[in-house]
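S.K.: Here it is, the structure, as structure tokens.
Where a number appears in this text, it was derived from the coordinates with a stated rule and is not lab data. All figures in this text were calculated on a predicted structure; none of them were measured in a lab. Here the Cβ positions follow ideal geometry from the backbone for every residue, glycine too, while neighbour counts run over all protein chains shown.
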Amino acid sequence: MSLEAIGKLKIDKTAFQRSKVSRKRWLVLVAVALLMVVAVAWAFERKGVPVETATVSQVYPTQSFTLLNASGYVVAQRKAAVASKMTGRLEWLGVQEGSRVSSGQIIARLENRDSDALVNQGVAAVQNAKANVDQARAERDDAGLSYERQKELVKQGIIAKADFDAAEARFKRARAGVAAAEAAVSVADASLQGARVAYDYSLIRAPFDAVVLTKNADVGDIITPLGAAANAKAAVVTIADLSSLQVEADVSESNLDKVKVGQPCEITLDALPQARFRGILQTIVPTADRTKASVMVKVRFVDNDPRILPEMSAKVAILSRPATTQDQQAKVALNPAAIVKVNGKDSVYLIDKDHVRLVPVTVGARLGELTEISGVKPGDKVALRPLAKLKNGKKISVAEK
């Protein structure tokens, strides 16, 4: 190549400048991408790891062998609205709500002065009738002696036969008078008994040992057997035998094959949520309720408890086997998926506001779908997933369900 040709050669700076611009643009894009990654990481770190949570529960071992659950109410099988057989004004009431009464105890009294007067009249009539009997017997004895004397005298021909006949007739009349007087005593006794029964109607007695549930009348109220009169009351008090309390619960027809008489049960009351009561399925009522497609069962309490009251809401767990004392003790349990192994120890990530705290726990027996656990308390919330992304003190956010 000649010197002239070499001199005409030039370096094309356009491509170089274009390459330089592309490199700068690429560097800017990389820088922007890095900033975006840092920003996302910073935002993610600020928000925390989203986690699902589980709640530590208090459960009972009986839940693991419960065949069926039913709900109902506590009902007294012996219950009575105590009233009077007669109409009268209530003069005295000796009980109130919660009073314990025994069979035959007088709990109220109606005005009974007229009945009391009839009883006194009957007592006097009986006394008079008995006095008449004594008088009739004395007349009979005297007539008998006269009759015997006249019989001897007529044999000896001392007196006329007519005199003997008169003595004999008198003796027979005296004997008949005694019988009539004794019958009068029976009549007077019967009248007295009737007066006493009428008087006893004014005394309202408890028919059996029970507790007063409600007081339906006050002193001064008119009490009638049917309560038909205006402002009249039929029942004075309502009582119930608390030893006869049972839970009446409804069981769906489709579950009827799971229940049988004598089956062990566990009863819980809404009013006493921490208490568990042993029960026995006492009766399956032999009729169905077509409106609810259910059958009523009655569950008897094995142990009496003064805290149990009629009409309390109750839940019945029908068990596959009788519950032991240990089965009725509350246990702390958790979903086993929340338990993680850290340094060879069972632990859970306890939710502490917006952080997790690693807490060692002791794992116990399996309780149905849960596992018995100690080291946390009922109501605590722990992380359920993702456990692999967590560590002690890690910031978290609770995932929305």
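S.K.: Take R149, R278 and order them by how many other Cβ atoms sit within 10 Å, fewest up front.
M.R.: R149, R278
S.K.: Which of the residue pairs K345/K381; K260/K292; K130/K151; K331/K389 have a Cα-Cα distance greater than 23 Å in the structure shown?
M.R.: Going by Cα-Cα distance, K130/K151; K331/K389 fall outside the 23 Å limit.
S.K.: For the chain, what is the charge dipole size about the Cα centre, in debye to the nearest 20, if Lys and Arg each add +1 at the Cβ and Asp and Glu each add -1 at the Cβ?
M.R.: 3860 debye
S.K.: Please report the net charge: other residues with Cβ closer than 13 Å to the Cβ of S99, K and R +1, D and E -1.
M.R.: The answer is 0.
S.K.: Checking a compactness column here: for segment 291-337, what do you get for Rg(Cα) / (2.2 N^0.38 Å), N being the number of residues?
M.R.: Working: Rg = 15.5 Å, N = 47, 2.2 N^0.38 = 9.5 Å.
Against the empirical 2.2 N^0.38 Å value, I get 1.63 for segment 291-337.
S.K.: On the first, second and third principal axes, largest extent first, how far apart are the outermost C-alpha atoms of the chain in Å?
M.R.: Cα extents, longest axis first: 215, 47, 39 Å.
S.K.: Per residue, how much space in cubic angstrom lies within the convex hull of the C-alpha atoms of segment 276-401?
M.R.: Taking only Cα atoms, segment 276-401 has a hull volume of 196 Å³ per residue.
S.K.: State log₁₀ I(q)/I(0) for segment 331-374 at q = 0.15, 0.18 Å⁻¹ as given by the Debye formula over alpha-carbon point scatterers of equal weight, solvent excluded.
M.R.: -0.37, -0.51
S.K.: Can you give the alpha-carbon Rg of segment 113-201 over 2.2 N^0.38 Å, where N counts its residues?
M.R.: Cα Rg divided by the expected 2.2 N^0.38 Å: 1.63.
S.K.: Follow-up question, since we're still on this one. Put +1 on the Cβ of every Lys and Arg and -1 on every Asp and Glu Cβ in segment 113-201; which of G177, L118, A129 then has its Cα farthest towards the positive end of the dipole?
M.R.: G177
S.K.: Across the Cα atoms of segment 327-401, what radius of gyration and what greatest pairwise Cα-Cα distance (Dmax) are found, in Å?
M.R.: Answer for segment 327-401, Rg first and Dmax second: 12.5, 39 Å.
S.K.: Would you please calculate the Kirkwood hydrodynamic radius of segment 199-299 over all C-alpha pairs and express it in Å, rounded to one decimal?
M.R.: 17.4 Å
S.K.: With helices defined as uninterrupted DSSP H runs, which ones in the chain have an alpha carbon span along their own long axis of at least 20 Å and mean Kyte-Doolittle hydropathy of at least 0.5? Don't skip to the answer; put the middle values down first.
M.R.: Values: long enough: 13-47 (51 Å, 0.52); 113-155 (63 Å, -0.91); 161-201 (61 Å, -0.05).
TM-like helix candidates: 13-47.
S.K.: Say the dipole of the chain comes from +1 at the beta carbon of Lys and Arg and -1 at that of Asp and Glu; which of L203, Q274, V259 then lies farthest toward its positive end?
M.R.: Q274
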